[in-house]
Amino acid sequence: MSRLNFTLAAEAAGSGARAAAFETRHGPVVTPVFMPVGTQATVKAQQMDALRAAGFTVLLANTYHLMLRPGVEVFRRFGGIHRFMDWDRPVLTDSGGYQIFSLPHACTLTEEGARFQSYVDGRWFLLSPEASLAVQREIGSDIMMALDQCIPSTAGRDAAEAAVDRTHRWAQRSLAARGDSPQALFGIVQGAAFPDLRARSAAGIASLPFDGFAVGGLAVGESKEQREDLTAATVAGLPRDRPRYLMGVGTPLDILEAVHRGVDMFDCIIPTSLAQRGTVYTSEGRLQLRRGFYRLQDQPVDPACLCPTCRRYARAYLHHLIKANEVLGWQLLGQHNLHFYHRMMQEIRERILGGTFVDYYHDRRDRWARMDGGESGVRPPKASTPRRMALGNYEVVTSQRGFSSIRQKSSGEVMHPVGNPMDEARRLYVDQSCLEARLRVSGAPELVIWDVGLGAATNAMAAIRCMEAVLAAPGGTPPRRLHLISFECDLDPLRLAVRHAAFFPHLHSPAPSAILRNARWEHASGGLRWTLLEGDFLTRLSAADRPDLIFYDPFSYKTDARLWTLETFARIFHAAAGGDTLLYTYSASTAVRAALLWAGFHVAQGVSVAPKEETTVAGTHRSCLQSVGHPPPALLGRQWLDRWERSGARIPAGVVPEAVAEFENRIRTHAQFVRAPTIIWAADGA
C-alpha cells in the first residue's frame with residue numbers, strides 16, 4: 001500500500017496530462033509539480049523564505065553529495081534535513097545513481113554497488129542500494145529514490161540491457177533496505193534509447209511495491225524528439241495510481257511536452273544555472289540579459305510577472321549586475337525563473353482541471369519556442385512545424401475536440417473518427433455486450449472475446465479496463481476469468497500509438513507494449529490473459545478458442561473488403577457453432593446485415609454511436625440476443641426485410657449472378673423472419 005495516498009483529480013482530454021495530489025510527512029503536494037534542486041541542502045543563491053513565498057512545496061536534495069559533506073552524523077544530530085536547512089515542507093532525495101555516472105573521479109561499479117573516492121577528502125566509499133537507503137533514512141527525506149545504474153542514452157544495447165537488469169535487482173534490494181521506514185520510496189526505469197528495454201524496465205519496476213515511479217537516464221545524450229518518444233513509451237507502462245517523475249528535465253518546453261505525455265513531477269537546475277549566466281524565461285519567450293540591447297531598458301523582465309524581481313527592478317539594472325558578475329544578479333534572476341516555473345505548473349494544473357489543457361499546450365509550445373521575444377528588431381526564428389507522427393502507412397491525427405486517432409494514409413480512413421475512441425469502444429462493445437455483468441458471474445467458464453481488428457488496441461483496452469474495474473471492486477467473489485484474443489495483420493497502428501502514448505491515454509498500461517513484444521500478456525491477478533494472433537484473420541481464427549463475444553472492428557468494406565464477405569461471416573459462424581455467441585460491429589449497412597443473416601446469424605439493431613444512428617448485433621441463436629441487455633436489442637423485422645427487397649445494395653459483393661436467387665431465398669426464409677412471433681416485429685429494425 002502506498003505511503004503517499006495518491007489521488008488523481010483530472011485527466012486532460014486528448015492528452016496524457018493529469019492533475020493529482022499526494023500526502024507526505026511534511027505536507028501535501030499537488031501535481032504537476034516542479035521541485036527546485038537543492039543538491040547540497042540549498043537552492044543556489046536562494047533563501048528558503050523566498051522559495052516558500054514563491055509557493056514551492058517540495059525541494060530536491062542529493063544523497064551522494066550530502067553523504068560526503070556534511071555527512072550523515074550531522075543529519076543524525078539535527079534530526080534530519082528539514083531542521084538543518086530550515087525547510088518545513090517535503091524533500092525528495094536522489095539516490096546518487098546519476099552522480100556515479102556523471103562525476104569524473106575514480107569509480108568502480110560491481111553488483112555490490114559503486115566504489116568511489118570522495119572529491120572532498122579522498123576517502124573511499126561504497127554506495128550500494130543498502131547504503132543509499134541508509135543515508136536517505138538519516139537525511140530524513142519524505143521521498144527516497146532507489147539506487148539505479150544510469151548510463152548514457154546513446155549506449156549500446158548490451159550495456160543498456162545489463163543496466164536495466166541491474167537496476168531491477170538493485171530496486172528489489174532498495175525495497176528490502178527501506179524496512180519499516182515511513183518514508184516513501186520511488187523506483188527508477190532505465191533502458192537508454194531502446195523503447196523495448198524501456199517497456200521491459202517499466203513493467204519490472206511497476207511490478208514492485210514502490211510508492212511512485214521515475215523515468216531515469218534521459219537528457220543524457222539523446223535528441224529532444226527521442227526524449228519525448230521515450231518518455232511517452234515509458235510512462236505508458238507505469239501505473240495510473242501512483243506519481244510519475246521525470247528526473248533532471250528540463251526547460252519549460254521539455255516540461256510542457258512531458259506533462260502532455262503523462263508525467264507528474266520534475267526537477268532541474270536550469271532555472272538557477274541559466275540565471276547565473278543572465279538568461280531568464282518570460283511569458284513571451286526567453287531573454288539573455290547580458291546583451292547590450294537591455295542596457296537602457298526601464299521595464300521589468302516580464303510585465304506579466306508579479307515576482308519580487310519584476311516588481312522592483314528594471315532590465316537595465318539586472319543587465320548591469322550580470323555584466324559586473326554580482327551575486328545579487330544571479331539571485332534576482334534565479335528568483336524570477338523559479339517564480340516562472342512555479343506559475344507555469346499552476347497554470348498547467350488549472351488548465352487540466354478546467355478541461356482546456358490541449359489549447360494551452362499548443363499556445364505555449366509556440367510561444368516559448370521564441371528567443372528574446374523579437375525585441376531586438378531582428379525577426380525571431382519561425383517556430384518549427386510540429387513533427388509529423390507517422391509510421392509506415394499510418395499517422396496520428398488529433399481532432400478539434402482534442403482526442404487523437406490513427407489514420408491510414410493510403411485510404412484516409414480513421415479509426416474511431418468522430419467521438420473519443422475510448423468512449424466509443426465502451427458504448428459500442430463493452431456496455432452493449434454487458435461485459436461487466438458477464439464478468440461478475442463467478443465460477444462460470446472462462447469468457448472468451450475475439451477482438452477482430454486490433455488497430456490501436458482501443459477496444460481491447462476498453463475490455464481490460466472493465467475487467468480491472470471488476471477486480472478492484474471491494475468484497476464479493478472472484479470474477480469470471482477472461483481470455484481476450486486479438487486478431488491483426490498489421491501492427492503498425494499499435495506500434496505508432498504506443499510510440500506516442502501521450503496522445504492515447506488508453507495505452508497507459510504495460511499491456512500494449514507487452515502484447516507487441518510477446519504476443520501475450522497476463523494480468524497480475526491471473527484472471528485475465530490477452531493473446532495476439534498476428535496474420536490473416538481467416539487463417540488464424542482456427543487457432544483461437546470458441547468465442548463468447550466478438551468485437552468486430554476491422555477497416556470498412558472500402559478498405560478491407562475481404563473481412564466483410566459471405567465467406568468470412570460463414571467461417572465465423574462455423575467457429576462459433578455450439579455456443580451462444582454474440583457479434584458486435586459498427587456497421588449497419590444492408591449488405592453486411594444480409595451477409596450475417598446468410599451465414600446463419602440472427603441479427604438485431606445495435607446502439608447509436610455518432611455519427612451512426614444504429615450499429616449491428618448478431619447472435620448464433622435468437623435466444624442469446626433476447627437474453628442480453630435491458631431491454632434486449634430489437635431483432636430486424638419485416639419492415640427491414642421489405643426495405644431490403646427494395647434496396648439496390650441487398651446483394652453483397654462477391655455473390656455471382658447465378659447464385660443471386662439462392663441468396664435471396666435464403667434471406668427470405670431465414671428463421672428470424674418466418675418463425676418469430678408477431679410481437680417481435682413491432683420494433684422497426686433498419
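Every number here is computed from the coordinates shown, using simple stated rules; none is lab data. The shown structure was predicted, so the numbers you read here are calculated from the model rather than taken from an experiment. FYI the Cβ positions are ideal-geometry reconstructions off the backbone, even for glycines, and counts take in every protein chain you see.
Among 152-162, 9-19, 576-586, the peptide with the highest mean count of other Cβ atoms within 10 Å heads the list, and the full ranking is 9-19, 576-586, 152-162. For Ser283 and Arg465, the FRET efficiency from 1/(1 + (r/R0)^6), where r spans their Cβ atoms and R0 equals 51 Å, is about 0.85. Extension gain, Ser589-Arg517: 0.36 nm per intervening residue step, less the Cα-Cα distance, totals 22.3 nm. By the rule of a second cysteine Cβ within less than 4.7 angstrom, the chain holds isolated cysteines at Cys107, Cys150, Cys268, Cys307, Cys434, Cys466, Cys489, Cys624.
In this simple spin-label model, placing a label point 7 Å from the Cα along the Cα-to-Cβ direction at both Thr398 and Arg169 gives a separation of 4.2 nm.
Going by the alpha-carbon gyration tensor, a ≥ b ≥ c the square roots of its eigenvalues, is region 541-686 rounded (a/c under 1.5) or, if a/c is not under 1.5, prolate (a/b greater than b/c) versus oblate?
The shape class here is rounded.
When the square roots of the Cα gyration tensor eigenvalues are ordered a ≥ b ≥ c, the ratio a/c for region 422-557 is 1.5 or more and a/b exceeds b/c, which makes its shape prolate. Straight distance only, please: which aspartates and glutamates reach the Cα of Lys44 with their own Cα at less than 20 Å, same-chain residues fewer than 8 apart left out? Result set, ordered by chain and number: Asp86, Asp88, Asp94, Asp267, Glu326.
Note on region 275-368: Rg/Rh from Cα positions, Kirkwood definition for Rh, rounded to two decimals, is 1.04. Over region 1-78, the Kirkwood radius and the radius of gyration, each from Cα atoms, give a ratio Rg/Rh of 1.06. Over region 85-179, the alpha carbon radius of gyration divided by the compact-protein estimate 2.2 N^0.38 Å works out to 1.13. This model, with +1 at the C-beta of Lys and Arg and -1 at the C-beta of Asp and Glu, gives the chain a dipole about its Cα centre of some 1020 debye.
Placing unit charges on the Cβ atoms of the charged side chains and taking the dipole of region 412-682 about its Cα centre, the candidate lying farthest along the positive direction among Phe503, Thr559, Ile449 is Ile449. Summarised as an ellipsoid, region 265-327 has semi-axes of 19, 15, 10 Å, derived from the eigenvalues of the Cα gyration tensor scaled by 5 and square-rooted, with the largest first. Using Cα centres only, tell me the gap between region 460-488 and region 157-171 in whole Å. So the two Cα centres are separated by 32 Å. Between amide H atoms placed 1.01 Å from N, distances below 5 Å from Met35 occur with Phe266, Asp267, Cys268, all of them 5 or more places distant or on a separate chain.
Residue separation of Lys323 and Thr559 scaled by 0.36 nm, minus their Cα-Cα distance, works out to 78.4 nm of gained length. Taking a straight line from the alpha carbon of Lys558, these lysines sit under 30 Å away, with near neighbours fewer than eight places off in the same chain left out: Lys409, Lys612.
Computed extension length for Ala53-Glu613: 196.0 nm, one decimal, from 0.36 nm per residue of separation with the Cα-Cα distance subtracted. State whether region 412-682 is rounded, prolate or oblate according to the following rule on the C-alpha gyration tensor (a ≥ b ≥ c being the square roots of its eigenvalues): a/c under 1.5 gives rounded; otherwise a/b larger than b/c gives prolate, and the remaining case gives oblate. It comes out prolate by the Cα gyration axes. Note on Ser118 and Val414: the model spin-label points, each 7 Å out from Cα along the C-beta direction, lie 6.2 nm apart. Distance between the 7 Å Cα→Cβ label points at Arg646 and Ala524: 5.9 nm. Considering helices alone, the calculated mean residue ellipticity of the chain at 222 nm is -10500 deg cm²/dmol, with DSSP H runs of length four and up weighted by -39500 (n - 2.57) and normalised per residue. Charge dipole of region 412-682 (Cα centre as origin; +1 on each Lys and Arg Cβ, -1 on each Asp and Glu Cβ, all else neutral): 400 debye, rounded to the nearest 20.
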